[in-house]
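S.K.: Dropping the structure in here first, questions after.
The values are calculated or read from the model by the stated rules, or taken from the named source; none is laboratory data. Model, not experiment: these values are computed from the prediction. Positions of Cβ are backbone-derived with ideal geometry, glycine not excepted, and every protein chain shown enters the neighbour counts. Ligands, DNA and RNA are excluded from the accessible area calculation, which covers all protein heavy atoms including side chains. Shrake-Rupley method; radii C 1.70, N 1.55, O 1.52, S 1.80 Å.
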Amino acid sequence: MRIAQDVSSRATCNRRKVGAVVVLEKRILTTGYNGSPHGLPHCTDVGCKMQDGHCIRTLHAEQNAIIQGALYGVSLRGSTLYVTCQPCNNCAKMIINAGIIKVVFDGDYPDEFAMELFHEAKIDLIRLRPEMDGRGEMLL
């Protein structure tokens, strides 16, 4: 997770800096951070492109890690994804289809449907920080 946190420092969207690392048998396969598509302007240069409360200019860290595998011919089947924030439902679908079998995350994201998808797909989920309720108390 420390490497995912380091990778997040490269993120080019100031709204949220997220890093992801895909690992298989203790070897790093790919990394990703949230940023614009290759060759296009970044939020740090031209600002965020907001729609419905989300920046739509950037790809998510998980998406970039999966795309990096595709670009360089690295299979992610059977691997573990470490990510600094809970994946959204679009990333969850990509994670499932990439063959990633375990997701370790640290940090919340309000997307219950993503969690449903992971459970239905039997993805092993590990949340490093306990989930808190609105009053700051741990949920069991």
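S.K.: Loop only per DSSP, at most 16 neighbouring Cβ atoms within 10 Å: give me the trypsin sites (Lys or Arg not before Pro) in region 1-101, ordered by residue number.
M.R.: Passing sites in region 1-101 are ARG10, ARG15, LYS26, LYS49, ARG77.
S.K.: What does DSSP give for the chain in terms of the percent of beta bridges that are antiparallel, rounded to the nearest 5?
M.R.: Values: 14 of 22 bridges.
Of the beta bridges lying entirely in the chain, close to 65 percent run antiparallel.
S.K.: Tell me the carbon and sulfur percent of the accessible area for region 9-101, rounded to whole percent, probe radius 1.4 Å.
M.R.: Percent of accessible area from carbon and sulfur atoms in region 9-101: 50.
S.K.: Excluding THR80 itself, what net charge comes from residues whose Cβ is under 15 Å from its Cβ, given Lys and Arg +1 and Asp and Glu -1?
M.R.: +3
S.K.: Work out how much length GLU120 to ARG15 would gain on full extension: take 0.36 nm times their residue separation and subtract the Cα-Cα distance, in nm to one decimal. Provide the component values of the computation, followed by the final result.
M.R.: Details: separation 105, 0.36 × 105 = 37.80 nm, distance 3.02 nm.
34.8 nm is the gain from fully extending GLU120 to ARG15.
S.K.: Using protein chains only and a probe of 1.4 angstrom, how many square angstrom of GLU120 are accessible, to the nearest 10?
M.R.: 130
S.K.: Kindly report, to the nearest 10 Å², the accessible surface of MET94 as traced by a 1.4 Å probe over protein heavy atoms only.
M.R.: Roughly 60 Å² of MET94 is accessible to a 1.4 Å probe.
S.K.: Hey, with R₀ at 30 Å, roughly what FRET efficiency would LYS26 and HIS54 work out to, going by the Cβ-Cβ distance, to 0.05? Kindly include the intermediate steps, with their values, before the conclusion.
M.R.: Working: r = 34 Å, r/R0 = 1.14.
According to the calculation, E is roughly 0.30.
S.K.: So how far apart, in nm, are the two label points at VAL74 and ASN89 if each is 7 Å from Cα heading toward Cβ?
M.R.: Here the answer is 3.0 nm between the modelled labels.
S.K.: Among residues other than LYS93 whose Cβ falls under 13 Å from its Cβ, what is the net charge (Lys/Arg +1, Asp/Glu -1)?
M.R.: Every neighbour counted, the sum reads -4.
S.K.: With +1 assigned to the C-beta of every Lys and Arg and -1 to the C-beta of every Asp and Glu, and no other charges, what is the dipole magnitude of the chain about the Cα centre in debye, to the nearest 20? Can you show the working numbers first?
M.R.: Numbers: 16 positive and 15 negative charges, 104 e Å.
That gives the chain a dipole magnitude of about 500 debye.
S.K.: If you build a Gaussian network model of the chain, linking Cα atoms that sit under 10 Å apart, which residue out of ILE100, ILE56, ILE126 swings the most?
M.R.: Most flexible of the set in this elastic network: ILE56.
S.K.: State in Å² the accessible area per residue of the chain; use a 1.4 Å probe, count heavy atoms of protein chains only, and round to the nearest integer. List each step's numbers first, then the result.
M.R.: Values: 8480 Å² over 140 residues.
With all protein chains present, the chain gives 61 Å² per residue.
S.K.: Here is a further query. All other residues with a Cβ under 14 Å from the Cβ of ASP6 taken together, and with Lys, Arg as +1 and Asp, Glu as -1, what is their net charge?
M.R.: With Lys, Arg at +1 and Asp, Glu at -1, the neighbours total +2.
S.K.: In addition: Accessible surface of HIS60 in the full protein assembly, 1.4 angstrom probe, to the nearest 10 Å²?
M.R.: 60
S.K.: How far apart, in nanometres, would the label points at GLN5 and ASP108 be if each is projected 7 angstrom from Cα along the Cα-to-Cβ direction?
M.R.: Roughly 2.0 nm, to one decimal.
S.K.: Of the residues LEU24, LEU76, LEU40, which exhibits the maximal mean-square fluctuation in a Gaussian network model of the chain defined by a 10 Å Cα contact cut-off?
M.R.: Ranking LEU24, LEU76, LEU40 by mean-square fluctuation puts LEU40 first.
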